[in-house]
1. Please note which helices (runs of 4 or more DSSP H) are completely contained in segment 161-235 and include at least 2 residues that are within 14 Å of the chain's Cα centre (by Cα).
2. Checking residue 194 against (1) at pLDDT 95 or above; (2) buried (at least 21 other Cβ atoms within 10 Å of the Cβ), which single condition isn't satisfied?
3. Quick test for you: out of 132, 121, pick the one residue that is surrounded by 15 or more Cβ atoms within 10 Å (Cβ to Cβ) and closer than 21 Å to residue 169 by Cβ.
4. Tell me whether segment 67-82 contains one or more residues that are buried (at least 19 other Cβ atoms within 10 Å of the Cβ) and part of a loop (DSSP other than H, G, I, E, B).
5. Residues of segment 83-106 being surrounded by fewer than 18 Cβ atoms within 10 Å (Cβ to Cβ), touching a helix residue (DSSP H, G or I) at 6+ places or on another chain (Cβ under 7 Å) and in a helix (DSSP H, G or I), which ones?
6. So residue 78 clears everything in (1) in contact with a strand residue (DSSP E or B) (Cβ under 8 Å, 6 or more places away or on another chain); (2) farther than 16 Å from residue 146 by Cα; (3) without any contact (Cβ under 8 Å) to a residue 60 or more places away in the chain except one condition, right? Which one?
């Protein structure tokens, strides 16, 4: 920042194993966003090395980084980042359009399968404004899956959602993780972090805690225990 050098991260050392489900925690300014940007190959570290699936990203060009992001990383954002005039199916297809080796038929089949995996096969032709917030987030998750990434990075994926919808989203992440997909989420909510396997806490650019979650909560079980609202009873 001008003449002032800000160390967003200081000596961070972390291994994320295949099949991990990790929550990144910390207050604003703790370094977690910079850390996620490096994980997602949006930034490269000033010093040190970051290996993604065995590839050292520090020496890659911008085009190589973009190609790596598209092939190996699935992104899920708090604000969904869906194209407003594009159907659910078309939104899911977007990452595949950068892969010239995939045929139109395979692109369609992959996108349909991704939507089915998040329970939205019947909403494939709907525009974002015809979907609830939870459904939009599920489309975003399907989009993150379509390229068969080695890791899904989710930035506050439940930040704009109510309790029930947050549980539904976490249930999807838990299902994906049980299938062997590595998931890393940023959250301010300790409640949401308790659905993951490991919590990593940042403060002042350093990791101050990395602990296994002793008893991971099951989102599907908690959804089943939620009371049915009066409106749902009337329906």
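1. Hits in segment 161-235: 163-178, 190-193.
2. Going through (1) at pLDDT 95 or above; (2) buried (at least 21 other Cβ atoms within 10 Å of the Cβ) one by one, residue 194 breaks only (2).
3. The conditions single out 121.
4. Within segment 67-82 (the criterion being buried (at least 19 other Cβ atoms within 10 Å of the Cβ) and part of a loop (DSSP other than H, G, I, E, B)), the answer is yes, since at least one residue qualifies.
5. 94, 98
6. Among (1) in contact with a strand residue (DSSP E or B) (Cβ under 8 Å, 6 or more places away or on another chain); (2) farther than 16 Å from residue 146 by Cα; (3) without any contact (Cβ under 8 Å) to a residue 60 or more places away in the chain, residue 78 violates only (3).
Quick grid of which residues meet (1) modelled with pLDDT of 90 or more; (2) within 29 Å of residue 132 (Cα to Cα):
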residue	(1), (2)
4	no, no
40	yes, yes
46	no, no
50	yes, no
56	yes, no
86	yes, yes
106	yes, yes
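The values are calculated or read from the model by the stated rules, or taken from the named source; none is laboratory data. Quick caveat, the model's predicted, so the values are computed rather than measured. FYI the Cβ positions are ideal-geometry reconstructions off the backbone, even for glycines, and counts take in every protein chain you see.
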